[in-house]
1. Do any residues in the stretch 69-85 that are within 12 Å of Met22 (Cα to Cα) and free of Cβ contacts under 8 Å to residues at least 60 places away in the same chain have Cβ atoms under 7 Å from those of residues that are crowded, with 17+ Cβ neighbours inside 10 Å and of a type in the set (Ser, Thr, Tyr), where the two are at least six apart or on different chains, and which pairs are they?
2. Within the stretch 161-225, considering only strands (runs of 3 or more DSSP E) that don't extend past its boundaries, which have at least 3 residues that are of a type outside the set (Lys, Arg)?
3. Of the residues Lys139, Lys195, Lys155, which is of a type outside the set (S, T, N, Q) and under 21 Å from the mean Cα position of the chain (by Cα)?
4. Within the bounds of the stretch 164-185, is there any residue that is at pLDDT 80 or above, more than 30 Å from Leu104 (Cα to Cα), outside the structural domain of Ala98 (by TED's automatic domain parsing) and among the basic types (Lys, Arg)?
5. State yes or no: is Ile112 more than 25 Å from Gln28 (Cα to Cα) and surrounded by 17 or more Cβ atoms within 10 Å (Cβ to Cβ)?
6. Between a residue in the stretch 136-158 that is in the same structural domain as Asn63 (by TED's automatic domain parsing) and any residue that is in a helix (DSSP H, G or I), which pairs come within a Cβ distance under 6 Å, given they are 6 or more apart or on different chains?
7. Of all residues in the stretch 100-109, which are surrounded by fewer than 16 Cβ atoms within 10 Å (Cβ to Cβ) and either among the hydroxyl-bearing types (Ser, Thr, Tyr) or closer than 10 Å to Val120 by Cβ (or both)?
8. If we scan the stretch 135-158, do we find a residue that is in a helix (DSSP H, G or I), at pLDDT 80 or above and closer than 25 Å to Glu29 by Cβ?
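The values are calculated or read from the model by the stated rules, or taken from the named source; none is laboratory data. A quick note: this is a predicted structure, and the numbers were derived from the prediction, not measured. Cβ atoms come from the backbone with ideal geometry, glycine included; neighbour counts cover every protein chain shown.
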Amino acid sequence: IEQNLNMYDTSFEPEVNLFAKMQKLVDQEAWIIQLHQEETEKINLGQGEDKKEILIEKLKGYNQIKMAIEDCEKTSFITPWGTFCYKVMPFHFKNAGATYQRALVTLFDDMIHKEIEVYVDDMIAKSKSESDNLVHLRKLFNRLRKYQLKLNPAKCTFVVRSGKLLRFIVTENGIEVDPDKAKAIIEMPTPKTEKEVRGFLGRVNYIVHFISQLTDTCTPIFKLL
């Protein structure tokens, strides 16, 4: 952020309702951010000694998208220390996720579904041999450098046989349920209100692809709503 000395509208609410006014003026972008189960199943670490994959997660992804200069002042907000505006895309701004995902799809169009997979902040580089490994990494790093995108070294994992991607565990056998997610479902207290029932079903939906006929099994619970 930077201090905005030419704020054109002083009606913005400070801090708490930072984007309330702008959010109402912005149309929702029709860009769906999702990674289908079928796509996730294609991302596995393979079998044999020659299969390598590198998991990468970007750092502060949304904050790496620069705001158009003429739009910066539209994000102005008031603080006790003065009026400020964003120079980069705010995390909670409407369409921020869609804008970021579209940018990555555009920048890495020729690599997606071949050398890499991208889902918002999560990126996975995949190779079938050690020599390909280096080639793909070099290509990826050069592309990141070209567009000045930064990674978080602490969240980069190299040459792995398993690792977390989104909400799942990716292994040489495909995808598996994250034990922590499963444990959270098992240890949930018995739902006593409609809100708690919906919360339970929301968590159960995470494992719908791993348990046969789970939707049918949950039919009695759906009737409670």
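1. Partner pairs satisfying both residue conditions: Thr75/Tyr86.
2. 168-171, 174-177
3. Numbers: Lys139 fails: under 21 Å from the mean Cα position of the chain (by Cα); Lys195 fails: under 21 Å from the mean Cα position of the chain (by Cα).
None of the others qualify; the one that does is Lys155.
4. Looking for residues that are at pLDDT 80 or above, more than 30 Å from Leu104 (Cα to Cα), outside the structural domain of Ala98 (by TED's automatic domain parsing) and among the basic types (Lys, Arg), one finds at least one in the stretch 164-185, hence yes.
5. Details: more than 25 Å from Gln28 (Cα to Cα): yes; surrounded by 17 or more Cβ atoms within 10 Å (Cβ to Cβ): no.
Against the criterion (more than 25 Å from Gln28 (Cα to Cα) and surrounded by 17 or more Cβ atoms within 10 Å (Cβ to Cβ)), Ile112 does not qualify.
6. Tyr147/Leu107; Leu149/Gln64
7. Narrowing the stretch 100-109 to residues surrounded by fewer than 16 Cβ atoms within 10 Å (Cβ to Cβ): 102, 105-106, 109.
Within the stretch 100-109, Thr106 is the sole residue that qualifies.
8. Checking the stretch 135-158: at least one residue is in a helix (DSSP H, G or I), at pLDDT 80 or above and closer than 25 Å to Glu29 by Cβ.
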